[in-house]
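Asks: Structure provided below as structure tokens; questions to follow.
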Amino acid sequence: MFRMMMILLPIIATTLMGMAIIAVLTMDMQAGWKEILLAAVAGLVVSLPISWVVGKAVVAKTGWDS
């Protein structure tokens, strides 16, 4: 399951980080690099448990476990 999580993590992390950065830029057009970096880190942190849950579900449904 850890391997599946590592496969899914770049996709999920990139998506969530991009969504968080777009949200910051939409709320405040004068956002500096600190706010953008904080949004990116928050997206990365949130993506870890989400990729774990999605990986667990994929392994449970497909039986793909090595």
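All of the numbers you see were taken from the coordinates with simple rules; none came from a lab. Keep in mind that this is a model prediction, so the values were computed, not measured. For neighbour counting, all protein chains shown are included, and Cβ atoms are generated from backbone atoms with ideal geometry for every residue, glycine included.
Asks: Can you compute the helix-only [θ] at 222 nm over the chain? Use -39500 (n - 2.57) per DSSP H run of at least 4 residues, normalise by all residues, nearest 500 deg cm²/dmol.
Replies: -30500 deg cm²/dmol
Asks: Rounded to the nearest 0.05, what FRET efficiency is calculated for residue 56 and residue 15 with R0 set to 25 Å and r the Cβ-Cβ distance?
Replies: 0.85
Asks: Here is a follow-up. Mean-square fluctuation check for the chain, GNM, Cα pairs under 10 Å: which of 16, 48, 37 is largest?
Replies: Judging by the Gaussian network model, the answer is 37.
Asks: Once label points are set 7 Å from the Cα along Cα→Cβ at both residue 46 and residue 23, what is their separation, rounded to one decimal in nm?
Replies: Between residue 46 and residue 23, the simple spin-label model gives 0.3 nm.
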